[in-house]
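Novice: Pasting a structure below so you can have a look.
The values are calculated or read from the model by the stated rules, or taken from the named source; none is laboratory data. Just so we're clear, the structure is a prediction, and the values are computed from it rather than from any experiment. Just the protein is used for accessible areas: all its heavy atoms, side chains included, with ligands, DNA and RNA removed. Shrake-Rupley method; radii C 1.70, N 1.55, O 1.52, S 1.80 Å.
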Amino acid sequence: MPSNNRKLVPEARQALDNMKYEVANQVGVNLKQGYNGDLTAKEAGYIGGYMVKKMIEQAQRQMAGK
């Protein structure tokens with residue numbers, strides 16, 4: 001099954017990586033550079049979910065003109 005995990009805006013890769021490590025630090029998950037196969041699905045989902053929440057909040061602020 002082909003992966004559809006490509007970035008629509010490749011220039012955003014570094015910003016997304018920075019956000020991932022920032023969120024992991026905030027929620028207390030030990031995320032390291034490179035392979036993180038030792039994370040539980042719960043931990044990985046928590047990081048991803050919180051990232052989405054932050055991105056939605058940011059988009060809402062931009063749409064509101066703030």
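Novice: Report, by residue number, each residue of the range 22-50 that is open to solvent by less than 60 Å² (accessible area, probe 1.4 Å) and assigned to a helix (DSSP H, G or I).
Specialist: Correct list: V23, A24, V27, A44, G45, I47, G48, G49.
Novice: Considering each of Q60, Q14 in turn, give the residue that is open to solvent by 100 Å² or more (accessible area, probe 1.4 Å) and at pLDDT 95 or above. Spell out the reasoning first.
Specialist: Values: Q14 fails: at pLDDT 95 or above.
Step by step, each of Q60, Q14 is checked, and only Q60 is open to solvent by 100 Å² or more (accessible area, probe 1.4 Å) and at pLDDT 95 or above.
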